[in-house]
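Trainee: What follows is a structure written as structure tokens; I'll ask about it next.
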Amino acid sequence: MNQRPEFQFENVPSGSKGVYKLSLPAPEPLGDLVAQTWLSSCGLQPEESIASALSAHWQDGALSTPVLVVRGKGSGKTLVATAGVHGDEYEGMEAIFRIFNALDPQSVSGTFVAVPVVTLPAFWLGVRSNPIDQKNMARVFPGSNNGTLSERIAATLLHRVLRHASLYVDLHSSGRNYHMLTLCGYSTIGSQAGIARSAALEFGAPIVWAHDTVSPGRTLSATLELGIPSLYTEAYGGGEVRPEDVDCYTQGIANLLKFLDIATLDEARLPSDYRPRILGGSGNVDLGIKNSRGGLFFPKATIGSTVRAGEVLGIVYSLEGNVEEQITAPQDAVLVMIRATNRIYAGELIAALASEN
Ligand SMILES: [Zn+2]
């Protein structure tokens, strides 16, 4: 990894395909990063394994993450894709690898840039948030060059990679603890909204979620500030990676490359009868439905279903078997996301809703 050239967008030769590194200046030495990551694993991972994994990315006071780049001989637009902003969301990583491996720079006009694993310490622990500063990477953008590690990663990614995008797609999924509909989301706000809408429909996911607000701190809130048309994706998750979701993301990236006239891959496919279900609402899961009592949660409604106001979405039991709380829908809505992990603390997120457009 350390032998790779540093990624500089302007310096990538035309007609080339290669792996670069993006150095993320770290506020602490490697030994401290390893120790903090190990402590965050509650000792479940051997400290030597964490040290070995992180040190492979370490050089001169910086953690380096791979950047996969294909630049065609002809000029054209730039598609930027990221995955692993949350460390336990893997669908987008394989989709990026499949697209990168399929692309031939001889048949490309423009540039494909992908960062498959943005938050390295979270990835190596298999967790959502960055264990070093306990921050959710999707709440710290646009970041800061002299902040905590997450804030530095955000600022570096934004200024060195994301700002070059003609179109940006951030590949998420619902990770370990939730189930979510497989979807492509975009914001209906701003000058980029028309292109983002067309791109979201071109992606080809079964559901398109159109948001009338932009929640702060996200990759997309930062790129939208720069006027870059931006999309994100979500998938079923719950601790598993469904092959159909990786296929959907792979096809979606290929469709976007075709949409931007960068490349036409065999993976690009959009059936002529494609009619996605369109949902609306803020999409800010931080405003989702929370429980007040901790214990054991069991879902009683299925994602994708239309729930009625007052309908039971799930039950929280005490460890003695008492029904401590019934979680109900506050209004008629589509259930987009529900808790997959049964153990639950008080005040966690249970479910997220959307409106049918
Ligand atoms: Zn995520």
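Trainee: Answer yes or no: is there a residue in segment 116-127 that is buried (at least 18 other Cβ atoms within 10 Å of the Cβ), within 16 Å of the ligand (Cβ to nearest atom), at pLDDT below 95 and outside any helix (DSSP H, G or I).
Mentor: Yes, segment 116-127 contains a residue that is buried (at least 18 other Cβ atoms within 10 Å of the Cβ), within 16 Å of the ligand (Cβ to nearest atom), at pLDDT below 95 and outside any helix (DSSP H, G or I).
Trainee: Condition test on residue 327, is it in contact (Cβ under 8 Å) with a residue 60 or more places away in the chain, part of a strand (DSSP E or B) and not assigned by TED's automatic domain parsing to the domain that holds residue 187?
Mentor: No; evaluated as a whole, the condition is false for this residue.
Trainee: So is residue 130 in the same structural domain as residue 67 (by TED's automatic domain parsing), within 12 Å of the ligand (Cβ to nearest atom) and not small (Gly, Ala, Ser) or not?
Mentor: no
Trainee: Restricting attention to segment 136-152, does a residue exist that is within 21 Å of residue 281 (Cβ to Cβ) and surrounded by fewer than 19 Cβ atoms within 10 Å (Cβ to Cβ)?
Mentor: Checking segment 136-152: at least one residue is within 21 Å of residue 281 (Cβ to Cβ) and surrounded by fewer than 19 Cβ atoms within 10 Å (Cβ to Cβ).
Trainee: Which of the helices (runs of 4 or more DSSP H) contained wholly in segment 162-264 include at least 1 residues that are within 18 Å of residue 276 (Cα to Cα) and away from the ligand (no atom under 16 Å from the Cβ)?
Mentor: Answer list for segment 162-264: 193-203, 243-259.
Trainee: Are any of the residues in segment 11-20 in the same structural domain as residue 112 (by TED's automatic domain parsing), farther than 26 Å from residue 114 by Cα and either of a type outside the set (Gly, Ala, Ser) or surrounded by fewer than 20 Cβ atoms within 10 Å (Cβ to Cβ) (or both)?
Mentor: no
The rows are residues; the columns are (1) outside the structural domain of residue 107 (by TED's automatic domain parsing); (2) buried (at least 16 other Cβ atoms within 10 Å of the Cβ); (3) over 26 Å from residue 138 (Cα atoms).
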site: 257; (1), (2), (3): no, yes, no
site: 269; (1), (2), (3): no, no, yes
site: 273; (1), (2), (3): no, no, yes
site: 344; (1), (2), (3): yes, yes, no
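Trainee: Quick check on this structure: which one of 252, 321 is at pLDDT 95 or above and surrounded by fewer than 12 Cβ atoms within 10 Å (Cβ to Cβ)?
Mentor: After applying the criteria, what remains is 321.
Trainee: To continue, here is another question. If a residue has to be buried (at least 24 other Cβ atoms within 10 Å of the Cβ) and either over 12 Å from the mean Cα position of the chain (by Cα) or not assigned by TED's automatic domain parsing to the domain that holds residue 233 (or both) to count, how many in segment 72-94 make the cut?
Mentor: 2
The values are calculated or read from the model by the stated rules, or taken from the named source; none is laboratory data. All of these numbers come straight from a predicted model, not from anything done at the bench. Counting neighbours? That spans all protein chains shown, and the Cβs are built from the backbone with ideal geometry, glycine included.
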